[in-house]
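First the structure, in the form of structure tokens, and then the observations on it.
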Amino acid sequence: MQPPKQYRAKLEDKQQLNERFMQYDFELVEPNELAFAAGQYVSIKVSDKGERRSYSICSSPAITHGFELLVDHQPAGIGCTYLESLAFGQEIELLAPLGIFTIVPDTDETSLALVATGSGIAPFRSMLFEHLQVRQDTRPITLYWGMRHANQLFWEDEFEELAESFPHFSFHPVISQPEQAWPLCRGRVTDCLTAHEQAASVGYYLCGNATMIGDVTQTVLAKGITEAHIHHEKFY
Ligand SMILES: Cc1cc2nc3c(=O)[nH]c(=O)nc-3n(C[C@H](O)[C@H](O)[C@H](O)COP(=O)(O)OP(=O)(O)OC[C@H]3O[C@@H](n4cnc5c(N)ncnc54)[C@H](O)[C@@H]3O)c2cc1C
């Protein structure tokens, strides 16, 4: 993996995905190329006092002249507020690439279960682009994504298109408080995992809040998955 460096980048585009989530697209200024592994994150300076916040890169590592971030605005602290205040073309300072939450290649993990809650989906979008489109990883990959309400989901079209193009990939949104007749998984992501094959060779990748990570870890450990096959990135 590349050692982290200081970068400057400018806001190229932003998209309101729904009332809670925003996607930000940055173009690198100096240096103008960032090589990263899917699953890594950037640390952005969000105040003049030098406070920083971390955000996982959600774009493909095949794109090296810029990067995309997904931000959950619910916390409404200095990180979210800073990003929301950025004008198009405004520069940010960041340190990147950081982190070791990447899919382990060539191991005895013969299938992969990616489990996200909320903005924890961010690194998995990057991983799916890398492993399905770039590396042509042929291992079965199942994505579980827990959200409170169905109308908070986004990027479903992208995941469904990937599932059509790569039949060994499947996507399962899980809604904890469905408003109407929700036809798919409901409840906590942990409750829906039983659908997944519980073989010892499944590699589990968990990203999101600490409660989900703790619950899923306990559930799959109890099913005989070893700690070596459970990887996580805790956002909060
Ligand atoms: C390695 C890493 C990668 C991360 N990647 C992302 C990412 O891709 N997208 C993203 O939106 N966030 C990500 N985060 C969380 C992010 O760094 C900030 O913590 C988050 O944006 C809140 O920052 P803030 O300054 O706005 O609020 P703060 O004032 O720092 O936080 C306010 C409170 O909200 C809690 N909190 C933080 N995040 C959430 C949340 N999503 N939902 C509910 N409560 C929360 C905090 O624990 C705190 O109690 C990541 C964190 C880490 C450690």
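Couple of notes before you dig in:
- Rh (Kirkwood; distinct C-alpha pairs) - the chain, Å: 18.3
- Counting DSSP beta bridges with both ends in the chain, the antiparallel % (nearest 5): 55
- Each Cα pair under 8 Å and six or more residues apart adds its separation to the average, and for the chain the resulting relative contact order is 18 percent.
- Orphan Cys of the chain, criterion: no other Cys C-beta under 4.7 Å: 58, 80, 207
- For residue 141, nonlocal amide neighbours, meaning residues 5 or more places apart or on other chains whose placed amide H falls under 5 Å from its own, are 112, 169, 170.
- Per-bin percent of Cα-Cα distances, the range 91-183 [5 Å]: 3, 11, 22, 21, 17, 13, 8, 4, 1, 0
- Share of alpha-carbon pairs per 10 Å distance bin for the range 32-92, given as whole %: 20, 51, 28, 1
- Short to long, the 5 Å bins of the Cα pair-distance histogram for the range 144-231 hold 3, 13, 22, 23, 21, 14, 5, 1 percent of all pairs.
- Mean ellipticity per residue at 222 nm, deg cm²/dmol - from DSSP H runs of n ≥ 4 across the chain, formula -39500 (n - 2.57): -5000 deg cm²/dmol
- Counting only alpha carbon atoms, the long axis of helix 156-165 and the longest principal axis of the chain meet at about 60°.
- Of the GluC sites (Glu not before Pro) in the range 1-80, those whose Cβ has at most 15 other Cβ within 10 Å and which sit in DSSP loop: 19, 33, 51
- Inter-part distance where the range 172-194 and the range 34-50 are each reduced to a Cα centre, Å: 32
Values in this text are rule-based calculations from the coordinates and carry no lab data. Source: prediction; values computed, not measured. So basically every Cβ, Gly included, is an ideal-geometry build from the backbone, and we count neighbours across all protein chains shown.
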